[in-house]
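Structure, as C-alpha cells:
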Amino acid sequence: MPRMLDVSQDVRAEIGDDEAERLLVGDNTPGSYDCTSCRTPGDSDQERTSTVLFIGDETAVLAFAHATCIPSQVVRVAEDQLQGAVRSITGSEQKNTEGLMPEQAVLGITSGLVLIEDDLRPALVVEPTGPVARPGTDGSGGDEFLQLLLEQGFRPAPDMNRLPEVLPGWSVLLAVGQLHAVLQPSAGGGNPVAWWQAHQPLQVTEGWRAAVNKSQTVLVFAAPAGTIGQQPREDLLRDALEKAAVNGVLVAASMPLAGT
C-alpha cells in the first residue's frame with residue numbers, strides 16, 4: 001500500500017527518481033517513525049509524512065517528519081555536525097538510501113520558562129533522539145552526549161534552583177522573535193558556527209520572548225536521549241529537569257542572546 005509520503009522536488013533531485021519512487025510506494029519507507037522535528041511518533045500509513053534530507057559535505061541522511069511540522073525539504077548542515085552530532089540506537093526514525101549514512105538522529109530542542117531565584121527564566125532544553133557517539137568512533141563507547149558537552153564547557157546541573165554559569169563564546173540566535181540556532185565558537189577563531197540549527201525558525205511564546213528580552217540571557221539545559229521527553233506543560237518540564245538533575249544526567253550553561 002502506498003505511503004502518505006511527500007517527496008519534494010529538491011529531495012528528489014538529490015536522491016534520484018528511482019529512489020524517490022521506491023519511497024513513494026513504500027519499499028524503503030518505515031510505516032512508523034519518530035518525527036525529526038517534534039520527536040513524537042508518526043505513521044506514514046495514517047498521516048501525511050515529509051521526507052527531510054540532511055546533507056553535509058560528504059554525508060547525507062534521510063529522515064521523516066510529520067507534514068504538519070515541516071515540509072519535505074533539503075537541509076544543508078556542517079559535515080562535522082551531521083556525522084558527530086547524534087547517532088540513534090534503532091535508526092527507526094531514519095531510513096538508509098544508497099550512499100546515505102544510517103542510524104543518524106537529530107538534536108531536539110524545547111523552549112520553556114523555568115523559575116530560578118524567584119524569577120521566570122527563558123530556557124532551552126536539548127535532548128537528542130538517540131545516543132551520541134564520539135566523532136570518528138563506531139559508537140561502541142556508549143552514549144557520550146554529556147561528556148562531549150562537558151568538554152565544550154557545559155557544567156553539571158545538580159540543583160535546578162541555581163543559575164548555570166555563562167559559557168564563553170556561545171550564544172542563542174533569536175531573530176524577529178523566532179529561534180534560529182545555538183551558536184558555538186569557531187575552531188578557527190572566526191565567526192561563531194551553529195552547534196544546533198532549526199530546520200526552519202521555531203516560534204516561541206510571548207512570555208518566553210518577553211523574558212529573554214528582559215534578561216538577554218538564555219539558560220540551556222541538556223540531557224541524554226529519553227531523559228526529558230516532550231512535556232505538554234512547563235511544570236511537567238520542570239519536574240523532568242529536576243529528576244534529571246537529581247540523577248546526575250543534566251548539564252547546563254547560560255548563554256547571551258544574539259539577535260532580537
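Data overview
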{"item": "Qualifying GluC sites (Glu not before Pro) in region 118-189, DSSP loop, other Cβ atoms within 10 Å at most 15", "result": "Glu165"}
{"item": "Length-normalised contact order of region 107-259 in % [C-alpha pairs under 8 Å, at least 6 apart]", "result": "33 percent"}
{"item": "Total charge dipole magnitude, region 107-259, about the Cα centre, Cβ charges on Lys, Arg, Asp, Glu only, Debye to nearest 20", "result": "280 debye"}
{"item": "Per-residue Cβ neighbour rank within 10 angstrom, fewest leading, Asp43, Asp143", "result": "Asp43, Asp143"}
{"item": "HN-Hα J in Hz across region 61-76 - Karplus 6.51, -1.76, 1.60, θ = phi - 60°, x for Gly and Pro", "result": "9, 9, 10, 10, 8, 4, 5, 6, 8, 8, x, 4, 6, 9, 10, 8"}
{"item": "Loop sites in region 162-260: trypsin sites (Lys or Arg not before Pro), DSSP, at most 13 other Cβ within 10 Å", "result": "Arg162, Arg233"}
{"item": "Protection proxy ranking, peptides 187-196, 4-13, average beta carbon neighbours within 10 Å, highest first", "result": "4-13, 187-196"}
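Since every read-out is calculated from the coordinates, none of them should be taken as a lab result. It should be emphasised that the depicted structure is a prediction, and the values quoted were computed from it without experimental measurement. Note that we place each Cβ from the backbone using ideal geometry, even for glycine, and neighbour counts take in every protein chain shown.
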